[in-house]
1. Of the conditions (1) exposed (fewer than 14 other Cβ atoms within 10 Å of the Cβ); (2) part of a helix (DSSP H, G or I), residue 35 fails just one. Which one is it?
2. Residues of the stretch 41-53 being over 17 Å from residue 13 (Cβ atoms) and either surrounded by 13 or more Cβ atoms within 10 Å (Cβ to Cβ) or touching a strand residue (DSSP E or B) at 6+ places or on another chain (Cβ under 7 Å) (or both), which ones?
3. So which residues in the stretch 28-41 are over 19 Å from residue 6 (Cα atoms) and under 10 Å from the mean Cα position of the chain (by Cα)?
4. Looking only at the stretch 1-27, how many residues end up being modelled with pLDDT of 90 or more and in a helix (DSSP H, G or I)?
5. Would you point out the residue of the stretch 38-53, among those that are part of a loop (DSSP other than H, G, I, E, B) and among the polar types (S, T, N, Q), that is modelled with the lowest pLDDT?
Amino acid sequence: MAKIDQLGISIRKASREIGVAHTTLSRYLRGEIKRHNNKNDDKMLNWLVKQNW
């Protein structure tokens, strides 16, 4: 969440850029994901790399 805050963008905008549903990203950020989806994990990691995380 800190990176999204630093960029000054909403969860909805970040989720569109990442390619996941905003509800999925929101649950992920709150630690509510019980079973990780490797595709979504890869999308999020790739997005963070593009943002120079």
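The values are calculated or read from the model by the stated rules, or taken from the named source; none is laboratory data. Remember, predicted model here, so these are calculated numbers, not experimental data. Please note: Cβ atoms are built from the backbone with ideal geometry, for glycine as well, and neighbour counts cover all protein chains shown.
1. (2)
2. Of the residues in the stretch 41-53, the ones over 17 Å from residue 13 (Cβ atoms) are 41-42, 45, 49, 52.
Result: 41, single match.
3. Within the stretch 28-41, the subset over 19 Å from residue 6 (Cα atoms) is 31-41.
Those that are over 19 Å from residue 6 (Cα atoms) and under 10 Å from the mean Cα position of the chain (by Cα): 40, 41.
4. Going residue by residue through the stretch 1-27, those that are modelled with pLDDT of 90 or more are 9-27.
Going one step further and asking which of them are in a helix (DSSP H, G or I), we end up with 11-18, 22-27.
The total comes to 14.
5. Step one: list which residues in the stretch 38-53 are part of a loop (DSSP other than H, G, I, E, B), which gives 51-53.
Narrowing further to those that are among the polar types (S, T, N, Q): 51-52.
Values: 51: 86, 52: 82.
Within the stretch 38-53, the match that is modelled with the lowest pLDDT is 52.
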